[in-house]
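Heads up: the structure comes next, in structure tokens.
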Amino acid sequence: MLDDDAYDKILRAGRIASRVRKYAAEKVKPGIRVYDFCEDVERKIYDEGGKPAFPCNISINNVAAHYTPYIGDESVIPDKSVVKIDVGVHIDGYIADTAVTVSFDPKYDDLLLAVETALERAIEIIKPGIRVSKIGEVIERAIKSYGYRPIRNLSGHSIERYNLHSGVSIPNVRDMFNISKITSGHVYAIEPFGTNGVGYVVEGRNAYIYSLVKEKRVKDELGRIVLENIKKKYDGLPFAERWLRNVIPERNKLLEILKELVKSKILHAYPVLLEATGGVVAQFEHTVLVLKREVVVTTL
Ligand code: MN
Ligand code: MN
């Protein structure tokens, strides 16, 4: 159960994440470089007194999730794009996870409204004892009522200390086979995704985000250096290729090392996720702390 210290840190991480999300949503504009943008967002997290719980994700148009700039990424935010910004903050391992979508084309305003409404509905009904499938049903109904589709293979998740996806999923559709229930004293991220596409994502070819899954002995000396660095700095939480630029300055060498560490199942790579038919995707996310008699939205 939660002691006062944990409770306090969960709320503080949430307040910081909320401020950073709002800051990011104001700063994002067509024409700016995604690299500079994400570095700025992450700097803001530190300035506010937190640490990134994962790299700043900036996923544009049909990219649904898990895009973070890579070393040398010169891409800029396109005109008329739909931009999702996903921010993670932790204090001493207590995590807040929150996302917003900004549209630079009014054509997608009601897609955003559909997904934001779905998140509101989900927050209204979440409480101890409710089945996660019921939450998925409410999300699905809200998004479909606007004529869009929820993304059925992306979901919200329970969060524990230093563990971003700690086991329980909150689906974005009704899922009769998922018998999990929400329990009090726990933290959950609710994150509906909606699209004008077919409603599921596929893995792209590239991954720019990794996490440590298992410590093993590494023969290669540079591999060991990289691994030591990851262990020391990221506490098992996801990190960006970009964050290692000063450890191994040559990108190709770094990628080679990361590839080996993935192959030996020491690291997990998170491929960029793309809407299967190229549909435009919107996402909104809040972190909630479910207590016996109340639900606290930590990232409001
Ligand atoms: Mn998120
Ligand atoms: Mn999440």
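A search for C-beta distances below 6 Å between a residue of segment 12-28 that is surrounded by fewer than 23 Cβ atoms within 10 Å (Cβ to Cβ) and any residue that is assigned to a helix (DSSP H, G or I), counting only pairs 6+ apart in sequence or on different chains, returns TYR23/LYS44.
Of all the residues that make up segment 164-183, how many are within 16 Å of ligand 1 (Cβ to nearest atom) and either of a type in the set (Ser, Thr, Tyr) or open to solvent by 60 Å² or more (accessible area, probe 1.4 Å) (or both)?
Of segment 164-183, the ones within 16 Å of ligand 1 (Cβ to nearest atom) are 164-166, 168-172.
Next cut, either of a type in the set (Ser, Thr, Tyr) or open to solvent by 60 Å² or more (accessible area, probe 1.4 Å) (or both) only: 165-166, 169.
Total meeting the criteria: 3.
Among the residues making up segment 277-287, those that are more than 16 Å from ligand 1 (Cβ to nearest atom) and in contact with a Ser or Thr (Cβ under 7 Å, 6 or more places away or on another chain) are GLY279, VAL280. Residues in segment 198-222 that are surrounded by fewer than 19 Cβ atoms within 10 Å (Cβ to Cβ) and more than 29 Å from LEU111 (Cα to Cα): SER211, LEU212, VAL213, LYS214, GLU215, LYS216, ARG217, VAL218, LYS219, ASP220, GLU221, LEU222.
Looking at LEU289, LEU222, LEU261, LEU254 in this structure, which one is in contact with a strand residue (DSSP E or B) (Cβ under 9 Å, 6 or more places away or on another chain) and not assigned by TED's automatic domain parsing to the domain that holds ARG43? Spell out how you get there, then give the answer.
On the way: LEU289 fails: not assigned by TED's automatic domain parsing to the domain that holds ARG43; LEU222 fails: in contact with a strand residue (DSSP E or B) (Cβ under 9 Å, 6 or more places away or on another chain); LEU254 fails: in contact with a strand residue (DSSP E or B) (Cβ under 9 Å, 6 or more places away or on another chain).
Step by step, each of LEU289, LEU222, LEU261, LEU254 is checked, and only LEU261 is in contact with a strand residue (DSSP E or B) (Cβ under 9 Å, 6 or more places away or on another chain) and not assigned by TED's automatic domain parsing to the domain that holds ARG43.
Mind listing just one residue for me: the one in segment 158-184 that is of a type in the set (Val, Ile, Thr) and away from ligand 2 (no atom under 16 Å from the Cβ) and, of those, modelled with the lowest pLDDT? Among those that are of a type in the set (Val, Ile, Thr) and away from ligand 2 (no atom under 16 Å from the Cβ), it is ILE179. Being modelled with pLDDT of 95 or more, away from ligand 1 (no atom under 16 Å from the Cβ) and surrounded by fewer than 20 Cβ atoms within 10 Å (Cβ to Cβ) holds for only one residue in LEU244, LEU255, LEU274, LEU261, and it is LEU255.
When only residues in segment 151-199 that are outside any loop (DSSP other than H, G, I, E, B) and out of contact with any strand residue (DSSP E or B) (no Cβ under 6 Å at 6 or more places or on another chain) count, which is farthest from ARG131 (Cα to Cα)? Only one residue tops the list, namely ASN163.
For segment 277-293, name all the residues that are within 16 Å of ligand 2 (Cβ to nearest atom) and surrounded by fewer than 16 Cβ atoms within 10 Å (Cβ to Cβ).
Taking segment 277-293 and keeping what is within 16 Å of ligand 2 (Cβ to nearest atom), we get 281-290.
Within segment 277-293, none qualify.
For segment 40-79, the tally of residues that are free of Cβ contacts under 8 Å to residues at least 12 places away in the same chain and not acidic (Asp, Glu) stands at 2.
Of everything in segment 78-102 that's closer than 19 Å to PHE284 by Cβ and away from ligand 2 (no atom under 16 Å from the Cβ), which residue is surrounded by the fewest Cβ atoms within 10 Å (Cβ to Cβ)? It comes out as SER81.
The values are calculated or read from the model by the stated rules, or taken from the named source; none is laboratory data. Here the structure is a predicted model, which means the values were calculated and not measured. Positions of Cβ are backbone-derived with ideal geometry, glycine not excepted, and every protein chain shown enters the neighbour counts. For the accessible areas, the whole protein counts, side chains as well, though only heavy atoms, and no ligand, DNA or RNA atoms are used. Shrake-Rupley method; radii C 1.70, N 1.55, O 1.52, S 1.80 Å.
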